[in-house]
Amino acid sequence: MISDFYSLTMADKRRLSQLRQHNRIRFVRIYDPLEQGHTSFRGHELVADNEQTAWLDFSSRKTRDSLEQQYLRHQQFITDMARSLAVPLHTLSAGQSLLQQLGHSSSKAM
């Protein structure tokens with residue numbers, strides 16, 4: 001499964017467990033470094049997801065730290081879900097060349 005996994009919830013665990021019974025599955029999580037607050041941009045930018053739109057002040061350390069904390073909570077949720085299902089987890093960054101990431105063992109199995 002290739003996804004950012006932002007729609008993944010605990011309610012999906014049962015279905016994934018059933019899918020895993022008869023299939024080999026793995027999670028490949030794709031993320032944007034901006035999700036971690038990693039950007040050299042220092043200004044205001046309009047950002048959106050599937051649910052909301054907001055202006056973020058990337059010059060504010062508090063904004064960048066908040067993004068990083070949200071990213072870490074989400075990453076931990078995905079890691080815990082993958083572990084509980086005994087599903088390998090790999091991570092790919094939209095901020096790096098895909099071929100470079102696939103050519104090296106930069107994805108992390110959990």
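The values are calculated or read from the model by the stated rules, or taken from the named source; none is laboratory data. Remember, it's a predicted structure, so these values are computed and weren't measured experimentally. Counting neighbours? That spans all protein chains shown, and the Cβs are built from the backbone with ideal geometry, glycine included.
Residue pairs whose Cβ atoms lie under 9 Å apart, separated by 6 or more positions or on different chains, with the first residue in the range 9-23 and free of Cβ contacts under 8 Å to residues at least 12 places away in the same chain and the second among the β-branched types (Val, Ile, Thr), are LEU19/ILE25. In the range 82-108, the qualifying residues are those that are exposed (fewer than 11 other Cβ atoms within 10 Å of the Cβ) and either on the phi > 0 side of the Ramachandran plot or not in a helix (DSSP H, G or I) (or both), and the one that is modelled with the highest pLDDT is ALA86. Just so you know, in the range 1-45 the residues that are closer than 30 Å to LEU56 by Cα, exposed (fewer than 14 other Cβ atoms within 10 Å of the Cβ) and of a type in the set (S, T, N, Q) include one that is modelled with the lowest pLDDT, and it is SER40. On the stretch given as the range 14-35, residues that are in a loop (DSSP other than H, G, I, E, B) and not basic (Lys, Arg) total 3. Does THR79 satisfy the condition of being surrounded by 13 or more Cβ atoms within 10 Å (Cβ to Cβ), touching a strand residue (DSSP E or B) at 6+ places or on another chain (Cβ under 7 Å) and either without any contact (Cβ under 8 Å) to a residue 12 or more places away in the chain or part of a helix (DSSP H, G or I) (or both)? Yes. Within the range 48-76, track down each residue that is in contact (Cβ under 8 Å) with a residue 24 or more places away in the chain, of a type in the set (D, E, K, R) and part of a helix (DSSP H, G or I). ARG64, ASP65, GLU68 - these are the residues of the range 48-76 that are in contact (Cβ under 8 Å) with a residue 24 or more places away in the chain, of a type in the set (D, E, K, R) and part of a helix (DSSP H, G or I). When each of LEU72, LEU67 is tested for being buried (at least 16 other Cβ atoms within 10 Å of the Cβ), under 22 Å from LEU8 (Cβ atoms), at pLDDT 90 or above and within 17 Å of the chain's Cα centre (by Cα), the lone residue that passes is LEU67. Report whether or not GLU45 is assigned to a strand (DSSP E or B), of a type in the set (D, E, K, R) and without any contact (Cβ under 8 Å) to a residue 24 or more places away in the chain. Criteria met by GLU45.
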